[in-house]
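Worksheet: the structure to be examined is printed underneath.
The values are calculated or read from the model by the stated rules, or taken from the named source; none is laboratory data. Quick caveat, the model's predicted, so the values are computed rather than measured. We place every Cβ from the backbone using ideal geometry, glycine too, and count neighbours over all the protein chains shown. SASA here: full protein model, heavy atoms, side chains in, ligands and nucleic acids out. Shrake-Rupley method; radii C 1.70, N 1.55, O 1.52, S 1.80 Å.
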Amino acid sequence: MKRFMLIMALALLPLTAKAGILDTVRERGQVVCGVSGTVAGFAFPDSQGVMRGLDADYCRAIAAAIFGDPNKVRFMPLTAAARFTALQSSEVDVLVRNTTLSFLRDNMVGLEIGAVNFYDGQGFLVRSDSGAKTVADLNGSTICMSQGSTHELNISDLFRTRNMTFKPVIMEQYNALVETFLAGRCDVMTQDVSALAGIISRAPDPSRYMILPGAISKEPLGIMTRRGDEQWTHMLRWVHNALVEAEELGVTRANVSEQLASSTNPTVQRLLGRTGEFGKALGLSNDWAVNVIKAVGNYGEIFNRNVGPDSPLRLPRGQNALWTNGGLMYAIPFR
C-alpha cells in the first residue's frame, strides 16, 4: 500500500508542481483563444461585435473553468494559413478554430489534440440553378477553397480517383473567399458542411444556394494545443468531457445549482465537485465544472443555440448527438 501511495504521489507531482501555460494564463488574467472570427455558427461577431458560436463558447468555457468568469477571454481571429504558427509561437494559448484533427497535425507540427468538439465532413456548395445534383456533376468546375486547409488534398484525391478535373481558387482570407463565391466567380465552394451552412445563412438570398448531399471526408474538428504542457492539454480535454457528461446527466445551465445542492447521483456529485478532488488534479478549483456549465450550459445547449435548431444554421445533431442517441459524442467517465 505504501508503494502504491508513493507511485500515486509521484504521478501527481507534475500536475501540481510544473509551471506552464495555466500559470501564465492566470498571471495574465485572461486566456487568449485562437478562433476563425469568420465562420458563422463557430466564431463570428454579432451586430454588437460580440464573438458568437460553438468555438467561441468553448473559449468562454475554458475561461470559466480557470477564473470562474467566462468573460476573461481574448479572441484572436486567425486565418487557416496562420493558425498553427500563432499557436506554436505562443501568440495564442489554445486553438479552437474549427480545425480538423489529423495524423500530420498531431505528429508533425509540434501540436497536440485536445478534444473533438464537432464531427463534420467536407462538402460542396452550389447555386440552386446550376444543375449540379452530385459530386459527379462538378467535373471541370472552378472551386473556391481556403488556403492552409485539408480541402485541396481531399478534392485532389477524390477527383483523381474519378478521373475528374477542377480549377482551384485558393485564398487565405475566408471572408474574401466567401464573397468571391457569392459574386459568381467560382462555380462551387468547398468547406466543412457546417461552414457551408453558415455561408448560406449569411447570403442575401439563401434560397439561391444548396449543399450537395453527402460528405467526401471525415473532418473531426476540435481543440489544439502546443506540445510540451500535458497539464494544459489535459485540462482542456476535461472541459470538453464535462460539457458532454453534463448533457448526458441532464445537468443544464438552468438547474446546475439545484443539481449541486441536491443530486444523489454519484457521477453528478463528482462532476460538480461535491465529492472527490477532481479539480485539484487539473490545477483548478473543485467547482470548475459548475462554473463552466453556469457560463455556457452543457454541450447540447451550446450546439442548439449556435449551429442547431435554435440557430440560423439549423443543423441536425447527426454524428454530434450523444452516444446514447446514436451519435459520436462520448465523455470519458468521471471516476
Members of the stretch 295-335 found to be over 15 Å from the mean Cα position of the chain (by Cα), outside any loop (DSSP other than H, G, I, E, B) and of a type outside the set (A, V, I, L, M), listed by number
G318, W323, T324, N325
Inspect all residues belonging to the stretch 15-32 and state whether any of them is open to solvent by less than 50 Å² (accessible area, probe 1.4 Å), under 14 Å from the mean Cα position of the chain (by Cα) and at pLDDT 95 or above.
no
Going through the stretch 94-120 in order, the residues found to be in contact with a helix residue (DSSP H, G or I) (Cβ under 7 Å, 6 or more places away or on another chain), open to solvent by 20 Å² or more (accessible area, probe 1.4 Å) and aliphatic (A, V, I, L, M) are V109, I113
Take the residues in the stretch 45-92 that are out of contact with any Asp or Glu (no Cβ under 6 Å at 6 or more places or on another chain) and polar (S, T, N, Q), then tell me which one is nearest to D23 (Cα to Cα).
S90
Of the numbered conditions (1) assigned to a loop (DSSP other than H, G, I, E, B); (2) modelled with pLDDT of 90 or more, M189 satisfies every one except a single condition; which is it?
(1)
Take the stretch 129-170 and flag every residue that is within 21 Å of R105 (Cα to Cα), without any contact (Cβ under 8 Å) to a residue 40 or more places away in the chain and either open to solvent by less than 40 Å² (accessible area, probe 1.4 Å) or hydrophobic (A, V, I, L, M, F, W, C) (or both).
L153, S156, I170
Where the second residue is at pLDDT below 95 and part of a helix (DSSP H, G or I) and the first is of a type in the set (S, T, Y) and lies in the stretch 36-64, which pairs have Cβ atoms under 6 Å and are six or more apart or on separate chains?
T38/Y174; T38/N175
Counting only residues in the stretch 52-72 that are of a type outside the set (A, V, I, L, M) and outside any loop (DSSP other than H, G, I, E, B), the one nearest to C33 (Cα to Cα) is identified as C59
May I ask you to verify whether T180 is in a strand (DSSP E or B), of a type in the set (S, T, N, Q) and within 23 Å of S128 (Cβ to Cβ)?
no
If the Cβ limit is 7 Å and pairs must be 6+ apart or interchain, which residue in the stretch 258-277 that is of a type outside the set (S, T, N, Q) and open to solvent by 30 Å² or more (accessible area, probe 1.4 Å) pairs with which residue that is outside any loop (DSSP other than H, G, I, E, B) and modelled with pLDDT under 95?
R270/F278
Report, by residue number, each residue of the stretch 299-321 that is open to solvent by less than 10 Å² (accessible area, probe 1.4 Å) and not small (G, A, S).
Y299, I302, F303, V307, N320
T85 vs. criteria of a type in the set (V, I, T) and open to solvent by 20 Å² or more (accessible area, probe 1.4 Å)
yes
